[in-house]
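Report on the following structure.
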Amino acid sequence: MRTENSPPDDGHTETQKRVLVIEDQELNRKVVRIVLQSRGYTVVEATDAIEALASLEDAIPHLILMDIALPGQSGEDLTRRIKANLAWVDIPIIALTAAAMSGDRERILKSGCDDYLSKPIDIKILVERVETHLRRSET
C-alpha cells in the first residue's frame, strides 16, 4: 500500500522535503508519519521493495527511512539496489531496525545505509538524524 501524505498547511513550507518510509508495520509507519508531518515533511510510504521501487520511479525523495526486516526482499538488499542506481545513489538512507546484535550495525552500514537507528525508535533522535542528513545532502 503506497500512500502519500502531505503535511497540514501550518507555515512550515521551507521544509517541504519528501521522505520515503519503507516499513511493513503499520504502527511504525504511522508514528514516523505523524512525527515527520508535524515537522513539515511530506511522507511517502511503502510496505515492501516493490512499492518502494515504484515510488522511487515516481519521484525521488530527499531521504529514505528503511526497515531492514521487510517481507520479500530485505532492506539490506533493497538498499544495495537503490545505491546501484545512479539516479538514486545520493539519497541518504537511514536504517530502522530491531537488529541490534554485535556486528548488525556494521553489516547494515556496509550494505549502503548512511545511518542506523535501532528500534524502538527514539523520536527525538530520529528527527535529529533526519534533519542532519537532509542538511548534508543540500551541500
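For the chain, a crude dipole built from +1 on the beta carbon of Lys and Arg and -1 on the beta carbon of Asp and Glu, taken about the Cα centre, is about 300 debye to the nearest 20. Counting 0.36 nm for each residue step from Asp77 to Leu134 and taking away their Cα separation leaves a gain of 18.2 nm.
Spacing of the modelled spin labels on Leu109 and Val89, each 7 Å from Cα toward Cβ, amounts to 2.1 nm. Length gained on full extension, Ala98 to Lys30, computed as 0.36 nm times the residue gap minus the Cα-Cα distance: 22.8 nm. Rounded, prolate or oblate: which fits the chain, taking a ≥ b ≥ c as square roots of the Cα gyration tensor eigenvalues, rounded meaning a/c under 1.5, else prolate when a/b beats b/c? Taking the square roots of the gyration eigenvalues as a ≥ b ≥ c, the chain is rounded. Cross-link reach is defined here as a Cα-Cα straight distance under 23 Å, omitting same-chain residues fewer than 8 places apart; for Lys30 the lysines meeting it are Lys17, Lys119, Lys124. Taking every DSSP beta bridge that has both ends in the chain, the antiparallel portion is near 15%.
When the chain is described by a simple charge dipole with +1 on each Lys and Arg Cβ and -1 on each Asp and Glu Cβ, the residue from Val130, Tyr116, Ile60 located farthest towards its positive end is Tyr116.
In this simple spin-label approximation, Glu57 and Lys124 carry label points 7 Å from Cα along the Cα→Cβ vector, and these lie 4.3 nm apart.
Read-outs throughout are calculated quantities, based only on the coordinates presented, and are distinct from any laboratory measurement. Small disclaimer: the values here were computed from a predicted structure and weren't measured. Cβ coordinates were reconstructed from backbone atoms using ideal geometry, including for glycine residues, and neighbour counts include every protein chain displayed.
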